[in-house]
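Just below is one structure, and these are the notes that go with it.
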Amino acid sequence: MKRDEFERLKYVISTHYHADHSGGNEKMLARSVEIISTANSRKNILEHKQSNAPPNVVPARITFTEETSVFIGGKEVRARYFGRGHTNGDAIIYFPADRTIHTGDLMAGTSPLIDYNGGGSIIEWTKTLDAAMERLNFDTVIPGHGNVTNKAGLTTYRNNIEKLRNRVTGLIHEGKKEDEIAKVMTAEYGWQPNSLQQQWSVPGFMTELK
Ligand SMILES: [Zn+2]
């Protein structure tokens, strides 16, 4: 970012606590740019809930639990917590004038990462997206990782989470063990053996989906 762009920057709304989204907080705060996040994102940073995060991630100084807005240049930017999913503190950012949302990692890549240590839930995830799609008027969707898409793209992503959840629930009910489920996730969903999805999400499935 250029120097004059930094000087115009006043606020950063952080979608969640993971270091690839909050790791720049320290540099922003050093330049008097205020960070805003959910209260749970702040708590998760302070409690070091991300096992592979660097030690110096700095939390937001302004937090909210349900909803907050920033009004600048005649436009509103609204941040809302609709419930658990990727973590227990994912904010969806809404730009009403542009009919656009930023989902954070509630949409990211092709397959969900459930951070159970950070309060995530694959049961709540689809309810959270349903609530957002019901209450916000938008066409454009900016995911946490991946290409900009639209409401249909987000709906497909949501439905794939439901399918994945049903598949894993079925396997658990058949009596499959964690290592067997891990193999199915690699074969059918491309979850590589040492991926965060295998490390963070599969053990959590055994408890949440039993
Ligand atoms: Zn994340």
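The values are calculated or read from the model by the stated rules, or taken from the named source; none is laboratory data. In this text the structure is predicted, and so the values were computed from the model without any measurement. All Cβ positions, even for glycine, are placed from backbone atoms using ideal geometry, and neighbour counts span all protein chains on display. Keep in mind that these areas ignore ligands, DNA and RNA; they rest on the heavy atoms of the full protein, side chains included. Shrake-Rupley method; radii C 1.70, N 1.55, O 1.52, S 1.80 Å.
Assorted remarks:
- Centroid-to-centroid separation of region 128-162 and region 1-23 [C-alpha atoms, Å]: 23
- Residues whose amide H comes within less than 5 Å of that of V12, counting only those at least five positions distant or on another chain, are E34, I35, I36 (H built at 1.01 Å from N in the peptide plane).
- In degrees, nearest ten, helix 122-135 long axis to first principal axis of the chain (Cα): 40
- Per atom type, region 3-151 shows carbon and sulfur on 48% of its accessible surface, probed at 1.4 Å.
- Charge sum, other residues only, whose C-beta stays under 10 Å from T87's C-beta, Lys/Arg counted +1 and Asp/Glu -1: -1
- Qualifying GluC sites (Glu not before Pro) for region 14-110 [loop in DSSP, other Cβ within 10 Å: at most 16]: E47, E66
- Net lengthening on full extension, E162/E47 (0.36 nm per residue, minus Cα-Cα): 38.4 nm
- Kirkwood-type radius of region 1-81, with distances r between different C-alpha atoms, in Å: 13.2
- Near the amide H of G146, within less than 5 Å, lie the amide hydrogens of G109, all on another chain or at least 5 residues away, with H placed in the peptide plane.
- In a fully extended conformation the segment linking A39 and A19 would gain 5.6 nm over its present Cα-Cα distance, using 0.36 nm per residue.
- Rounded to 5, the percent of DSSP beta bridges in region 3-151 classed as antiparallel: 60
- Per-residue Karplus couplings for region 145-158, computed as 6.51 cos²θ - 1.76 cosθ + 1.60 with θ equal to phi - 60°, are listed in order as 9, x, 6, 4, 9, 9, 4, 5, x, 5, 4, 4, 4, 4 Hz, Gly and Pro entered as x.
- Rounded if a/c under 1.5, otherwise prolate or oblate - region 3-151, Cα gyration tensor axes: oblate
- The chain, accessible area per residue, ligands and nucleic acids excluded (1.4 Å, Å²): 51
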